[in-house]
Structure formats: structure tokens, C-alpha cells
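To start, the structure itself, in C-alpha cells.
The values are calculated or read from the model by the stated rules, or taken from the named source; none is laboratory data. Quick caveat: nothing in here was measured; it's all calculated off a predicted structure. All Cβ positions, even for glycine, are placed from backbone atoms using ideal geometry, and neighbour counts span all protein chains on display.
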Amino acid sequence: MSHLSLRLRIFLIFAALAAGLLTAIGAGIVTARMMLLDAGADGASLTDPLALLALIAGFSATGLTALVWYLFDAHVARPIETLAGHLLTGAAPDAAEGRYLADLAPATRAAVDRARARADLDQAIEAHAEVLAHETSMLESILSDIGAGAVLTDGEGRVLFYNAAAAQLLPGLALDRDLASFLQGGGLAAAQARIAAGATATDLALRGMDGARLTGRLRPMTEEGGGAVLILRPARREPVPPRAALENLRRHAAALTPLLDDLAGPLPPALTEVIRQEGRGLASALRDLDAALDPGPPKQRGVAAEELARGLGLPLGEVAPITLAADGWQIGGLLAQLGQRLQDSGRPPTAEISAEGPEAVLRLSWTGAALPMDALDRWLQDAPDPDHPELAGADILAAHGTSIWAETDPADPATARLVLPLRVSAIAREARPSVTYDFALAGHGAPDLRPLSALTCVVFDTETTGLALSDRIVQIAGLRIAGGRLTGEQFDTLVHPGMAIPPTSTAIHRITDAMVADAPDVTTALRGFHHFAEGAVLIAHNAPFDMGLLRAAEGQTGLHFPNRVMDTVLLSAMIWGQGARHSLDAICARLGITIPEQLRHTAMGDAEATAQAYLRMLPALEAKGITRFDQVLRQAQKYRRLLSDANLAAAHGG
């Protein structure tokens, strides 16, 4: 009976007691009848009284046993199960809990206090490792700022470490994933073969999954177990033959719009606007021609518009929350140089960045006359960075396939501005720390047999247009866990649901139709999340609902999520029993987790709370002997009445 819960065992004991009482009553009635018959009593006259006596005694014994069982279950068994959950998680029980258990509840609180004292002692001991932590931080800073991408893999090619530069060069790079899945062709495999043949290091040419050309150097690690370090850099761009002709066209296109401001005599407004649009169209066509003629440099990496704007050192106007497909260092340096030149010439500018369709438009605006085009051309011949005198402003624009021009604001003739269009990067965001690593991933076995604390997981949550599986996703967010800790890797995007969001849903998650107007559709959003979560165990609160949404979208997106799944509702039931409340708020309250109100009912806020709850439940699960994923699956079979298991839903529902 060791595998049965305490409450079930107590119920079986009382059921056996009731059965024993009924048996005793029956035996007593039979014995009494036999004795009365021996004394000469009439058997027919004894049947009805003895049957009535047996009925009354049986119902009384059964009812009294049931009442005592109910009181014992409510005031003893259930509180004991709850107190056991508190002991396992280190959460102090309320004074009202276990009030019928005499000294057990105070003893539980004392045990929790002692556990917390031990935890405080552990923290004090850990504080003595500050010197080591400081050295680690310095190493991380060095590795994050070396400029080149650095990736460390184990003997099986799984990623153990990467820095921010590597994440930029290999979009979607994540811990515990096969490095080869982020590269095209067999360049990496060939280099690994050369290393296996005895080479101490080898150079290699690679191409990312986004088509970016890369160069690198692979060096094996000397420690037992294999592994290698890969240093990556963008491939150097070859000169483009038609550059001079393209630059000449750029100047003509950029000069077309400001010429309108100098035209003498009246000009119909409609004609003015047509010519202005033609000038901008010519500049746009020039960028397309540049891209078509030049296989060019690696794809421009994203830089947040706000990050770029704050680095200019200029007064800021409106800055759209978008990501620019640009080299932040080059474009930022160019705009900072132009801003300084404008200030020096008596034109103090204000910077703003707006989204206009598929492009972002950067503007430096000032009050006064427009800047002459020949002056702008002279400024563009200078290098923004003195350390790279070979890289002039015009070269930076050409590398980005764009142009810049001066114009008068059509809505305010007293305002002039410089206008620089750039392409917008993807809306979906993956946030990453400067370096990401977990060296403990090396040597782990199959996911089902790994300790729960060693699993690579993605904790995710969705916000929707309603609570039915037929409703649509409007936001999806996820965080990665590896080695029992949050790695800092995040995925978060709004989703255009293809329908109006009901006001009742907006009242809960505060996502409006305007917020998702320019968001990616469900196919684009889930493709990004599918890549982010590939190979990881998915964790959600009430996972059958969230996984049901992903599976309901399979017909539209063509994306299947074969991931293993864990549900924090089921994990909570395994710890505190089915009688406890298992809402996310209730679990967080028991574990001492605070969810900021502004983050509640947002996908990222709830995913963060779910991740913290999962990590704090791990010690309690291990204390109950649930240490591996396959054990979680077996335990989940016992809680089908509580809710369905998302893994079973996957097996039966596809």
C-alpha cells in the first residue's frame, strides 16, 4: 500500500472497519436467533424483529463510520497531506491549517523555520564565493565583447556556451541544441573530420541558415569527453564592381526631392507630391538593384530602434518599438556624426524613428532651411569612426543598400530634416544575455532518463481571444531552462489572430486590435516559437489548453510540436494532493512567488511565474521520489480526473 496516498489508505481502513461492524452485527443477529430458538421461541415471530434490528444496527454503524471517516479526513488526513506539501516546498503553513492536529502544525512551522535558517546559512556560505563570481563575471564580459562569435560544444556537438556575437551570427542559437542545425552544408562536419584526424585547429567557411556567409576556426578541447570551441566572424565582403555607378544614381535620386523646394513659381500640390513619391521610389528601386547585383555581406543583424536612438546623444522625438535590420555600430556612428555636423552648422537636430510599412524611417529634424545636397555629400565622404578611416559614410549607406537625403517637411515648411530609410527586422523578439552557458549539459543521457533538474525546458504561455480551443492566439512567450536554472533566453511576440479581439478578452490581457495590427500571423509567430522550442521539454500551466491551441493550428501552419510536455497543475497535485487549489495564483502563493500586477495575464509574466514555480517544486518532487521525466508520466496517470495529461493528448489526438 506504500504507493497509495494517505487519504486513500485511511478511507480503505474505515471501509474495512464498516465491513467488520456489519459482519459482527450479522453474526450477532444470527447467534441471538439460534439461542432464542433453542430456548423454545417461535422462529416465525423472531424474523421481523431481528431483521429490523439488523437494519437499524447496520445503518447506524455504517453512518457513524462514514461520519467519523469524513471528520477524520477533513480535519486530520487532508491537513496532514497539505502540511507534507509545505514541508517539501519550505512554505510555512497558515495558523488555521492543521488546527486539529495538536502540536503537528506548530512543529511543521518550526521545521520550515529551521529549513529557512539552513537556507540562510547556505546563502551566507555562498557569499564567500564572491571573488570567484567576480572573476566569472569578468570572463563573461571579455567573451561577450571580443567581437567574434564564440561557441563551445560537447563531444556530441551540442551547444554548451555561446556569446552575444554568436547569437547574432547564428539566429536562434540555443543551449543543448546541435550546432550543425544552425548551419547549411557540410562545412562543420568536414572541419570536425579534420580535427578527428589529428589537426589541432582548422579554418572553415560556413553559411548560416539565414544565408549569411561566415568564416571560423575550430579548435578541440583537450579535456576528456571531447568537445570543441568555434570562433566565428562574418565573411569579408568582396568589392562590388558597379558601386561607382550605383553611387552616382543614389546622388541623383537623393537630389530629386529637395530640388522641389527650390522651384520658382507655383507648382500644383498634386504634381509636387507625385514627383516627391517618384524620387523616393527611385531611391527604393536603387536599394533593390543594389541587393540584386551584390550577393553582399552577411545579412544585416537587428538593432533595437530605442537602443540606437539613445546612443546618438541627441534630443529624441518619437521612437517606434521596432528592430532595424542594420549594423547598429555603423548606422549609429553615421547618424551621430551627421547630428554633430548639423549642430556645428547651427541646425540642432532632434532624432526620431518611425515605422512606415516594411521600412523604418530615421529622421534628424531641425527648424530652418534644408541642408544643401552638396554639403551632405561632403559630409558622407568622411569616416564616422577615426579608427576605420576606410569606411566612409557613403560606404556605410551602400553596405546597407540605402540612401539619405535632405528635405523640407511637407507638413511644416519651417522644418527641414535628413531622411534615412532602413528595413525593419522581424517583429518576434528573442532576448538573450551577453553570454549563455551551462557546462553541466555535457554527458547527459536521453531526456526521459535525465534528472528533472538536468532537462532542457521551454516554459511558455499564450494569451488568446477566448477560453475555447477554437479561439485564436494573440500572444505567445517562452523562457528556456537548462540545468535547473533560467538561462536568460526568451521568446515573446504578439500574434495577429485574423479576427477582432473580443472586449471581454482585452479586459483580461489588455491586448487590443491596434496592438496586433502589425504583428506577425500565427504561422510566422509559431514558426519562430517552433524553432526556439525545438528539442526541449515544454512546460505550461494547464498544458492541455496551450498545447491544444498549438495542435489546433497545425492544419494552418503545418508545424507539429512533438515535444514532451509537463504541466505545473499536475506537478502541484503530485505534491499537495488533489484536494488543494492548483491555480497559478494559488501555487505561487504557496511558494512565496510574487507576480507583479502589470505582468499578470501577460504571456511573458505568466510564463515567468510558471518557470519560477516549476523550479521551486523540483526539490519537493525529488523528495517524493519523482526525479525523472518518465516518473512524471507514470504519476500523471493517477490524476486523469483532475485534468488530462498533455502527453496523452498528443499520443491519442496527434
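Structure summary
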quantity	calculated
Single residue of I539, I501 found to be under 22 Å from Y614 (Cα atoms), β-branched (V, I, T) and modelled with pLDDT of 90 or more	I539
Residue within region 483-490 that is more than 17 Å from T524 (Cβ to Cβ), within 18 Å of the chain's Cα centre (by Cα) and in a loop (DSSP other than H, G, I, E, B) present	yes
Verdict on I10 being surrounded by 14 or more Cβ atoms within 10 Å (Cβ to Cβ) and in contact (Cβ under 8 Å) with a residue 60 or more places away in the chain	yes
Residue under evaluation S470, criteria (1) modelled with pLDDT under 90; (2) under 26 Å from G227 (Cα atoms); (3) of a type in the set (S, T, Y), criterion not met	(2)
First in region 519-531 and closer than 20 Å to A167 by Cα, second anywhere and crowded, with 19+ Cβ neighbours inside 10 Å and modelled with pLDDT of 90 or more, Cβ under 6 Å, 6 or more apart	A525/T493; A525/V495; F529/I476; F529/F491
Members of region 36-50 that are hydrophobic (A, V, I, L, M, F, W, C) and surrounded by 10 or more Cβ atoms within 10 Å (Cβ to Cβ)	L36, L37, A41, L46, L50
Pair list, Cβ < 6 Å and 6+ apart or interchain, from region 45-57 residues that are more than 15 Å from I25 (Cα to Cα) to residues that are part of a helix (DSSP H, G or I)	L46/R33; L46/L36
Residue within region 551-561 that is touching a strand residue (DSSP E or B) at 6+ places or on another chain (Cβ under 6 Å), within 29 Å of S181 (Cβ to Cβ) and not hydrophobic (A, V, I, L, M, F, W, C) present	no
Residue satisfying condition, being buried (at least 21 other Cβ atoms within 10 Å of the Cβ) and in contact with a Leu (Cβ under 6 Å, 6 or more places away or on another chain), within set A636, A603, A540, A623	A636
Evaluation of T462 against (1) part of a loop (DSSP other than H, G, I, E, B); (2) buried (at least 23 other Cβ atoms within 10 Å of the Cβ) (one fails), failing number	(1)
Residue within region 204-220 that is part of a helix (DSSP H, G or I), surrounded by fewer than 17 Cβ atoms within 10 Å (Cβ to Cβ), touching a helix residue (DSSP H, G or I) at 6+ places or on another chain (Cβ under 8 Å) and not assigned by TED's automatic domain parsing to the domain that holds R450 present	no
Breaking point among (1) closer than 25 Å to T323 by Cβ; (2) modelled with pLDDT under 90, for F491	(2)
Any hit, region 543-554, residues being in contact with a helix residue (DSSP H, G or I) (Cβ under 6 Å, 6 or more places away or on another chain) and surrounded by fewer than 16 Cβ atoms within 10 Å (Cβ to Cβ)	no
